[in-house]
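A short worksheet on the structure shown next.
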Amino acid sequence: MIVKHQPIHQVSPEDGWHYWFGYYDKCPWSPDGSKILAHRAQFCNRFPDPDELAEVGFIENWETDAPTFVKLGETTAWNWQQGAMLRWPPTGSQPAWNAFDQGPLVYTEHRSGTQLTLGFGRLSRLRPEYGYPALDDPNPTDPSPANDGIFQIRDDATSELIISIDQLDHITADGVERAGGPHHQHVNHLMFNPSGTRFCFMHRFERDDGILHSRLLTANPDGSDIRLLFEGMCSHYDWKDDQTILAWAGKRALLGSASAKKTPTQRVMTVARRALKPVYYAMGKPRFLMNKIMKDSYLLIGDVDSREPDAPTPEPFAKGELICDGHCTYSRGGFEPGRWVLTDGYPDLKSRQPLFLWDCKNDLGYEIGRYATPRTLDGPIRVDLHPRFNHDATKVCIDSAMTGSRAMFVLDVSAITGQ
């Protein structure tokens, strides 16, 4: 790994507000690169109340020392991780975002115009970092509801359930009747492949032993041809191409599967995990330990059902170099589309968040930054970097609390990606 920190400057105004863009799967830059989308709020260190507003808009003059925020609207449909899904639509020039008075809530949108969404109310209960506080789970006592899951949004602004959580619960890899059974399950992280022919998503639940069990699946945009790609631990991912997903994942065989009976060694490891968890948190949750002990890593996973007899084995990616869970994104534009992977990491032992570029052509990594973050902005209200490329992969936008408040920054990486 080559340490080559790149020039960085704050692009959000220093006006007493807290600024952020949101998740790593959307580009904040306008098509012409002159504007950067942003949310802002007047507090930063707690979950929002159901009726608390975030303002949405864009930043102009972001390349200067006097950036300005242009307000477009406000919404109560937001969270710290993903904001209000603020985005530049594939058609038209006006930004869009989620609001309760503007039709269905969108989770992801392909450039063809196809939109998908999920039950934000269920996320509010089971994963509040990603839900909207104003929404309640319509099925709070049902572990795997048949009327909630993934929805396709129609042209007439209505939505149709295409994959239910109950349906996913019956897709199993080890012969048991249900994957999660009595455990309350949810779906999250919907993402189209580049051509829009498939999308991937996560089916998750917390096991009896306290482990968050993750299942990576794909399907056609109408919900057909569901494939179970990976099961165990899986967090962030991006499509490399239409047939392959890069994901931080691990089987975690030491802890056993979700449904099979544990071996004596797995029972011991589960107890040890519980005992060491307070120590892990006291150390600042150094995520590289998950690579060293649990063998989690970046993997290239083919869009083939893992239950098929000829299913390929996931291939390691940047083995021994990128050893921390991060928000990974392939470059889609620039001199050589797909050559670069941009990713970050969680705070190290000194509470600094790293930022990386991986050169897929030369199999070479660069640490392009490492930024302090307050321990007080950790956990569910954490400020992840969530790095995003601009359209030609010469710049990177991040959210950060390096100055003590939520703010947005841009790095110039053209010295590396322009090679």
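The table that follows gives values for the structure above.
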quantity: Separation of alpha-carbon centers, region 102-168 and region 22-90, rounded to whole Å; calculated: 22 Å
quantity: Exposure proxy ranking, count of Cβ atoms within 10 Å, fewest first, for PHE120, PHE389; calculated: PHE120, PHE389
quantity: Positive-end residue of ILE59, MET233, ILE153, charge dipole of region 2-417 with Cβ unit charges; calculated: MET233
quantity: Under Karplus coefficients 6.51, -1.76 and 1.60, residue-wise ³J(HN,Hα) of region 383-397 in Hz, glycine/proline x; calculated: 10, 6, 5, 6, x, 9, 6, 7, 5, 10, 6, 9, 9, 10, 9
quantity: Spatial separation of Cα centroids for region 312-374 and region 390-411, in angstrom; calculated: 15 Å
quantity: Sequence ranges 392-402, 373-383, ranked by mean other-Cβ count within 10 angstrom, highest first; calculated: 392-402, 373-383
quantity: Cα-based convex hull volume of region 127-249 per residue, rounded to whole Å³; calculated: 125 Å³
quantity: Entries in LYS251/LYS295; LYS26/LYS240; LYS4/LYS395; LYS4/LYS295; LYS4/LYS35 that, when Cα-Cα distance is taken, lie over 18 Å; calculated: LYS4/LYS295; LYS4/LYS35
quantity: Taking the chain and dividing mean pair separation by its residue count, relative contact order in percent (alpha carbons under 8 Å, at least six apart); calculated: 15 percent
quantity: Computed magnitude of the charge dipole of region 2-417 (debye, nearest 20; Cβ of K, R +1, Cβ of D, E -1); calculated: 1660 debye
quantity: Cβ-based exposure ranking for ASP148, ASP384, ASP32, in which fewest neighbours within 10 Å come first; calculated: ASP32, ASP148, ASP384
quantity: Ellipsoid equivalent to the chain - semi-axes via the Cα gyration tensor, in Å; calculated: 31, 26, 22
quantity: Set of aspartates and glutamates with alpha-carbon distance to LYS361 below 12 Å, sequence-local pairs under 8 removed; calculated: GLU336
quantity: Loop chymotrypsin sites (Phe, Trp or Tyr not before Pro), region 302-373 (other Cβ atoms within 10 Å of the site Cβ: 15 or fewer; DSSP); calculated: PHE335
quantity: For ASP344, residues with placed amide H under 5 Å, excluding near neighbours; calculated: HIS327, PHE356
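FYI, it's all coordinate maths here, none of it is from the lab. Given the structure is predicted, the values throughout are model-derived calculations rather than measurements. All Cβ positions, glycine included, derive from the backbone under ideal geometry; neighbour counts span all protein chains shown.
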